[in-house]
Amino acid sequence: MDSEYLVVFAIEKQRFAVRHTALERIIRAVAITPLPAVPEIISEVINVQGKILPIINIRKRLRLKEKEPQFTD
């Protein structure tokens, strides 16, 4: 039997899972740059080691109330 690794996260007391193969990396919250005239769920980008990556707003995708990002040390 093949094992499948999942990344599990919670939003508003609901648990979700994504196959690890669908992810490139997971990083801590960083400063984001807003973009005009882009799809609503991809409204911002971040710079990770010189590579510009889109931010997908899962809360918007799931039609949940917006929440300010929580930065941790």
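State all residues of region 19-46 that are acidic (Asp, Glu), within 12 Å of the chain's Cα centre (by Cα) and over 27 Å from SER3 (Cα atoms); if no residue qualifies, say none. So that I can check it myself, show each step before the final result.
The initial filter retains those residues of region 19-46 that are acidic (Asp, Glu), namely 24, 40, 44.
If we keep only those that are within 12 Å of the chain's Cα centre (by Cα) as well, we get 24, 44.
GLU44, the sole residue that qualifies.
Are there any pairs with C-beta distances below 7 angstrom linking a residue in region 16-34 that is under 14 Å from PRO54 (Cβ atoms) to a residue that is of a type outside the set (Lys, Arg) and part of a loop (DSSP other than H, G, I, E, B), with the two at least 6 apart or on different chains, and if so which?
Going by the 7 Å Cβ cut-off, the qualifying pairs are PRO34/SER43.
Starting from residues that are of a type outside the set (Val, Ile, Thr), in contact with a strand residue (DSSP E or B) (Cβ under 7 Å, 6 or more places away or on another chain) and not in a strand (DSSP E or B), keep the ones in region 14-58 and report whichever is surrounded by the most Cβ atoms within 10 Å (Cβ to Cβ). Full working, then the answer.
Looking only at region 14-58, we keep the residues that are of a type outside the set (Val, Ile, Thr), and these are 14-17, 19-20, 22-25, 28-29, 31, 34-37, 39-40, 43-44, 47, 49-51, 53-54, 57.
Checking the rest, the ones that are also in contact with a strand residue (DSSP E or B) (Cβ under 7 Å, 6 or more places away or on another chain) come to 15-17, 19-20, 23, 34-35, 43-44, 53-54.
Okay, now just the ones that are also not in a strand (DSSP E or B), so 20, 23, 35, 43.
On the way: HIS20: 11, LEU23: 9, LEU35: 13, SER43: 16.
Here the residue is SER43.
Give region 2-13 a look and list any residue that's in contact (Cβ under 8 Å) with a residue 24 or more places away in the chain and exposed (fewer than 10 other Cβ atoms within 10 Å of the Cβ), or say none.
From region 2-13, those in contact (Cβ under 8 Å) with a residue 24 or more places away in the chain are 11-12; that's our starting set.
The answer is GLU12, and nothing else.
Quick note: the coordinates plus some simple rules give every number you see, no bench work behind them. Only a predicted model underlies this, so the values are computations on that prediction, with no experimental measurement involved. When we count neighbours, we look across all protein chains shown, and the Cβ atoms used for this are built from the backbone with ideal geometry, even at glycine.
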